[in-house]
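What follows is a short report on a single structure.
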Amino acid sequence: MQLHQSFITTAKKFGNKISVYDQATDKEISYSKMLIASLILSKKFSKYRGNYIGVMVPTSAGCMLSILGSLMCGKIPVMINYATGAGENCIYAQEKCSFKTIITSKKLLEKINVEPVEGMVFLEDIMDSLTTLDKLKAAIKSKLPTFILRLQVHKGSDDEDCVILFTSGSEKDPKAVQLSHKNIFHNVNTIPQVIDISENDIFAGTLPLFHVFGLTINFWLPILMGSSIVAHANPLDYKAICNSFKKYKITLVVGTPSFFYGYLRKSEPGDFDSVRYAIAGADKVTDQLREGYMKKHNLELMEGYGTTETSPVISVNVPGANKPGSIGKPLPGVQVKIVDRETDEELPANKEGKILVKGDLVMNGYLGDLEETSLRIRNGWYDTGDMGVLDEDGFLWHRGRLRRFVKVGGEMISLVRVENVLEKLLPEGAVCCVVDVPNPRKGSDIVAAVTTKGINKKHIQKQMKKEIPAIAIPKEFHLIEDIPMMGSGKVNFREVEKICRKLENDKSN
């Protein structure tokens, strides 16, 4: 079965139940209305040429319906990041995937101040063009028995691509990741095996759906279980999101640590009383953040791990099996091994090496890039590019991206380790990012970007010496009040590196 066919089964079962509380339009949309609307869009989208169709719509019923409508007519949605460089991202996606049509909204383009790109089709225009006959036909079709209705939409193998997502580009140019129905189903089917969730849960839909974390956990997981989603178009509208926790009695929220910091700042005690699970991923969770949630909300913030290429969740901490600081145990059906970064020899417990993953969650590949695909997937094992450790209890510990290890004076230094030590010494709420800059003599120097003024550089450097080698201590601290972030909530390391290199250059000239 494919995802859109599974949705039909769920929609028929939960007909009058609210599937999406859409904060963008202030509408409550039932499962039966979602089904009718997706059938209408499927008919409209079928007229566009090509196998792919771009989707650039904020988290909302409109975005979810665009995905469903695309799949129902046999097209593969290409999710486009609108948070930064939207116009360039549209053209990049069109060229990379060889398609023209992009479903978007006029309201979005106005808000982000982007000129229309050739091939854009606006949801507002589609809605205005609908006739009574269009609506009537879809409504009648939606009443067909489930098995007949599933035959009326696109049918195919669960190995077929169901979405194209782009890697973050935080370290180099984005790659087009091909995820299949089987990939997404793996997370949808296994997460309820380790976390006690059901159709009675209410999900906070706060992440953008161009990010795999949002697509799978904020959309496919709840929509296929028959749960309700409270969809927020702007993940940075922290106060409104915190208010919605109380209003809708949200029970599950996932997000990046930077978003959880925002909720913590803007929330009041009691806002999270209905939340049963709060899970952070996509970046490291600090002790400070965990302690903040326990102190203010008596809520255990748990940490998980995943990648775009693994649909995304690989491992997660859960109640009763939670080691703070780790990224949890692998999901059922996921094999994880740690190998030597140079020899690829499998390592025993508690030895640090590259994290490799195998299972139905691993992508089909990178579109149009056989070379990169073959470098990253060998004999079914996906090389995450991350360094980590598996302990004796089967918990995975993340040590940082391999690319975030640098050679300084002949030694390999983990920038993530340096950040972890530095964070403990900064004032509460301060954020830091450690990068390397060229040094003709040593190869690289380590410098830190921090969001706070008035730190005692010499005192911090002295304290850091107690935990890490002198060669790993940042030689300079640059004030960057707004550390560049990706739309997904991750730090944009490339941009931070550029800024720090320029500041270092300016200082030496």
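Just so you know, all these numbers are worked out from the coordinates, no wet-lab data involved. Keep in mind that this is a model prediction, so the values were computed, not measured. Cβ placement follows ideal geometry from the backbone for every residue including glycine, while neighbour counts extend to all protein chains displayed.
Ranked by the mean number of other Cβ atoms within 10 Å per residue, highest first, peptides 471-479, 307-315, 413-421 order as 307-315, 413-421, 471-479.
Dimensions of the chain along the principal axes, based on C-alpha atoms and rounded to the nearest Å, stand at 73, 49, 47, largest first.
Principal-axis analysis of the Cα atoms of the chain puts helix 493-508 at an angle of about 40° to the longest axis. When only the Cβ of Lys, Arg, Asp and Glu is charged (+1, +1, -1, -1), the dipole of the stretch 90-218 relative to its Cα centre reaches about 380 debye. Name all residues of the stretch 320-345 having a backbone nitrogen under 18 Å from the label point set 7 Å from the Cα of SER198 along its Cα→Cβ direction, giving them as ranges. None, by backbone N distance to the label point.
Taken one residue at a time, the phi angles of the stretch 182-198 give Karplus couplings (6.51, -1.76, 1.60, θ = phi - 60°) of 4, 4, 5, 4, 4, 5, 4, 7, 8, 4, x, 6, 10, 10, 6, 10, 7 Hz. Gly and Pro are set to x. Peptides 455-467, 235-247, 217-229 ranked from most to least packed, by the mean per-residue count of other Cβ atoms within 10 Å: 217-229, 235-247, 455-467. Total lysine pairs in the stretch 418-508 at Cα distances under 18 Å, for residues eight or more apart or on different chains: 23.
Counted residue by residue at 0.36 nm each, then reduced by the alpha carbon distance between them, the extension gain from ASN298 to ASP506 reaches 70.2 nm. Oblate is the label for the stretch 418-508, because a/c, from the alpha-carbon gyration tensor with a ≥ b ≥ c as root eigenvalues, is 1.5 or above and a/b does not exceed b/c. Annotation note: GluC sites (Glu not before Pro) in the stretch 79-148 located in DSSP loop regions with a Cβ neighbour count of at most 15 within 10 Å are GLU118. Note on ASN234 and ARG378: their simple-model spin labels are 4.8 nm apart, each label 7 Å out from Cα toward Cβ. Calculated mean residue ellipticity, 222 nm, the chain: -10000 deg cm²/dmol, from DSSP H runs (n ≥ 4) at -39500 (n - 2.57) each, averaged per residue and rounded to 500. What does the C-alpha gyration tensor say about the overall shape of the stretch 231-333? Classify as rounded when a/c is under 1.5, otherwise prolate if a/b is larger than b/c, or oblate. Prolate. Computed from Cα positions, the angle between helix 61-72 and the longest principal axis of the chain comes to roughly 70 degrees.
Taking the Cα atoms only, what angle lies between the long axis of helix 238-248 and the longest principal axis of the chain, rounded to 10 degrees? It is inclined by approximately 50 degrees.
What is the stretch 298-445 by shape, rounded, prolate or oblate, if you read a ≥ b ≥ c off the alpha carbon gyration tensor as root eigenvalues and call it rounded for a/c under 1.5, prolate for a/b larger than b/c, and oblate otherwise? Note, shape of the stretch 298-445 comes out oblate.
Summary of the geometry: the stretch 436-487 and the stretch 310-386, compared by the centres of their Cα atoms, lie 30 Å apart.
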